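In what follows, a single structure is set out as structure tokens and then discussed.
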Amino acid sequence: MGTTIAPLLARPAWRALQAHHAQLASRHLRELFAADPGRGERFALEAAGVYLDYSKNRITADTLDLLVQLAEQSGLRERIDAMFRGEHINVSENRAVLHVALRAARGACILVDGTNVVPQVHAVLERMGAFSAQLRAGHWRGYGGKPIRNIVNVGIGGSDLGPVMAYEALRHYSQRNLQFRFVSNVDGTDFVESVRDLDPGETLFIISSKTFTTLETMTNAQSARAWSVAGFAGDQKSVARHFVAVSTNATEVAKFGIDTANMFGFWDWVGGRYSMDSAIGLSTMLAVGPEHFASMLQGFHEMDEHFRTAPLRRNLPALMGLLAVWYNNFFGAQTAAVFPYEQYLKRFPAYLQQLTMESNGKHVTLEGRRVDYDTGPIYWGEPGTNGQHSFYQLIHQGTRLIPCDLIAFLRPLNPLGVHHELLLANVLAQGEALAFGKTAEEVKAEGSPDWLVPHRTFEGNRPSNTLLLEELTPAALGRLVALYEHNVFTQGVIWQIDSFDQWGVELGKVLAKAIVPLLQGHPAAPLTHDSSTNALIRRIARGARDGGAV
Ligand code: F6P
């Protein structure tokens, strides 16, 4: 992997940042703004259709210089190039990481192990486009001859969160005579409630699974097939008109009984949480059509190009990633919040949770050495303004430092009276209140009695980024998602971790498999788990057998 990178704590910029932090930590944003009247304009950056105001961060120009030095000493530039060159930067799975190839222009050349993958990407996009056009026009008919009206995506993790988020985000552009549902949880309620009011004759299932072996998805897929086929008096031939698959695993798709002619493929160099713009986005394309899907890919690509080519100091994803490291490692922030002031982005925080935490929730370096610093923070969020009336209290007056990303759009998709002005006024007000707070003197001057003053005082000095985009178009969504993808990558490079594997999800899967037969009433073998798990298994088995209350 090229030049050797010094361990994080030994990099000169890291040490310099420690000293710098010791000086800066006690300085208030009020002071930083007072000392530099142009700060709000200078600490802002606009690129690839995104305006980022990062002035309300606890930084100075020196902080930025040092953070950029840290990125250089961490080999960020080289790692970006290595990713785009198709090197196997996912070391623990020995794979290339090329979600950027999913949105490369038709004529581009991106090699994976010597093969240009761009033509394959466009071939799948064309098949998806042809299928979408047919279905949207009512020409893809169900087995009984009815047009398809309902599309149910069955998947989990990256095969669900991206499709759900994108469907909600782009609902404004969706074909309204089609209904979309998303089934992910192995809890039977999810499936039952999703299909309860649907007609099997009008329903198409997209079984989305990179591996096509995921327990939850396969269980839901079996239930879907049983439900669908029952609608045709058990005629298995109906499956061909009501099931399509999105996967990298043609063998398993065929075994399940879906004709591979109805399969849309992708590749092992697309991570599950980086796959919403691959064939995993089939439901998105069915909802909004191939042209809007292409605009979304173009938006992704614009941000990719910006990330690949812009100097780090003027590079949106790199800056956001470095700021995340600044709070995580120097201020000890445990969490980071993302608040979209856009109702259509209501599932964006949930989507980001997998993207950020499955990527950077790692405890060893690329070489397998235990890290001696914190890695990925906990990401969370809700759409504004709802969060303001629930947990913002803690952000404003609690004892924890929670850096926030506030995301807003200049133009509403649904103009209605003064709603949008109120929404935008709230984003700005929150950023201002977080940064500057309200001093005891200001509270007193308003006539508060002395005893009430501490309660009504806002310390401020709470950092935030404000992201402004013009309008929530498919392209804007692509830019925003790519911005966070590369932000996550930047953080992972600084921490020298593998942001593209997910071994941490394996153990629970293996243990669950071993527990299933015990709950199915086959506890012939002695229970070999710990005493707590054994007791719980016995209690559940007894409850199921006797119908006893827990
Ligand atoms: O939870 C682990 C995981 O492998 C995710 O990374 C992935 O997005 C999800 O499961 C679903 O996997 P698949 O698409 O193979 O069903």
Legend entry - segment 415-480, accessible area per residue, ligands and nucleic acids excluded (1.4 Å, Å²): 51 Å²
Legend entry - Listed residues V481, W267, Q222: farthest to the positive end of the dipole of the chain (Cβ charges): Q222
Legend entry - Student exercise, the chain dipole from Lys, Arg, Asp, Glu Cβ charges, in Debye to nearest 20: 880 debye
Legend entry - Cα centroid separation, segment 432-463 to segment 1-31 (Å): 32 Å
Inset, instruction - Hey, could you get me the Stokes-Einstein D for the chain, Kirkwood radius over alpha-carbon pairs, 37 °C and 0.692 mPa s, rounded to whole µm² s⁻¹? - result: 129 µm²/s
Legend entry - Charge dipole (debye, nearest 20) of segment 438-493; +1 at Cβ of Lys and Arg, -1 at Cβ of Asp and Glu: 120 debye
Legend entry - Percent accessible area from carbon and sulfur atoms, the chain, protein chains only, probe 1.4 Å: 54 percent
Inset, instruction - With a Förster radius of 60 Å, plug the Cβ-Cβ distance of Q397 and H139 into 1/(1 + (r/R0)^6) and report the FRET value to the nearest 0.05. - result: 0.55
Legend entry - Kirkwood-based shape ratio for segment 90-151, expressed as Rg/Rh from alpha carbons: 1.20
Inset, instruction - Mind giving me the nanometre distance, one decimal, between the label points for T211 and A240, set 7 Å out from Cα along Cα→Cβ? - result: 3.1 nm
Inset, instruction - Could you check the simple spin-label distance between E291 and A108, using points 7 Å along Cα→Cβ, in nm with one decimal? - result: 2.3 nm
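Restricting attention to segment 322-397, which trypsin sites (Lys or Arg not before Pro) occupy a DSSP loop and are surrounded by at most 11 other Cβ atoms within 10 Å?
On the way: sites: K346, R347, K362, R369, R370; in loops: K346, R347, K362, R369.
Sparse-neighbourhood loop trypsin sites (Lys or Arg not before Pro): R369.
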Inset, instruction - Note down the relative contact order for segment 79-161 as a percent, whole number, built from C-alpha pairs under 8 angstrom at least six residues apart. - result: 15 percent
Inset, instruction - Report ³J(HN,Hα) in whole Hz for each residue of segment 24-40, in order, from the Karplus equation J = 6.51 cos²θ - 1.76 cosθ + 1.60 where θ = phi - 60°; Gly and Pro get x. - result: 7, 4, 8, 7, 9, 4, 4, 5, 5, 5, 5, 6, 8, x, x, 4, x
Legend entry - Sites Q175 and E432 - FRET efficiency at Förster radius 41 Å, r taken between beta-carbons, to 0.05: 0.50
Inset, instruction - With a point put 7 Å past each Cα toward its Cβ, work out how far R85 is from R542 in nm, to one decimal. - result: 6.3 nm
Inset, instruction - For segment 303-376, run through the chymotrypsin sites (Phe, Trp or Tyr not before Pro) and keep only the ones in DSSP coil with at most 16 other Cβ atoms within 10 Å of their Cβ. - result: F331, Y373
Legend entry - Share antiparallel - DSSP beta bridges, segment 284-436, percent rounded to 5: 10 percent
Legend entry - Cα centre as origin, Lys/Arg/Asp/Glu Cβ charges: segment 468-541 dipole, Debye: 560 debye
Inset, instruction - Report the extension gain between R127 and T3 in nm, rounded to one decimal, defined as 0.36 nm multiplied by the number of residues separating them, less their alpha carbon distance. - result: 40.4 nm
Legend entry - Contour minus Cα-Cα distance for N534 and E506 (0.36 nm per residue): 8.0 nm
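Determine, from the Cβ-Cβ distance of T309 and W451 and an R0 of 45 Å, the FRET efficiency 1/(1 + (r/R0)^6), rounded to the nearest 0.05.
Working: r = 58 Å, r/R0 = 1.29.
Efficiency computed from Cβ-Cβ geometry: 0.20.
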Legend entry - Lys/Arg +1, Asp/Glu -1 at C-beta; the chain dipole; positive extreme among G157, A333, A13: G157
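What does the accessible area per residue of segment 1-144 come to in Å², with a 1.4 Å probe and no ligands, DNA or RNA counted?
Working: 6540 Å² over 144 residues.
On a per-residue basis, segment 1-144 sits at 45 Å².
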Inset, instruction - Count the lysine pairs in the chain whose Cα atoms lie under 23 Å apart, taking only pairs 8 or more positions apart in sequence or on different chains. - result: 10
Inset, instruction - Choose one of N315, H172, T284: the residue whose Cα lies farthest towards the positive end of the charge dipole of the chain (beta-carbon charges +1 Lys, Arg; -1 Asp, Glu; about the Cα centre). - result: T284
Legend entry - DSSP-assigned coil residues among GluC sites (Glu not before Pro) in segment 451-485, each with at most 15 further Cβ atoms within 10 Å: E459, E470, E471
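The values are calculated or read from the model by the stated rules, or taken from the named source; none is laboratory data. Predicted model, so just to flag it, every value in this text is computed and none were measured. Reconstructed Cβ throughout: ideal geometry from the backbone, glycine too, with neighbour counts over all protein chains shown. The protein model used for the area step is the full one, side chains on, heavy atoms only, and it has no ligands, DNA or RNA in it. Shrake-Rupley method; radii C 1.70, N 1.55, O 1.52, S 1.80 Å.
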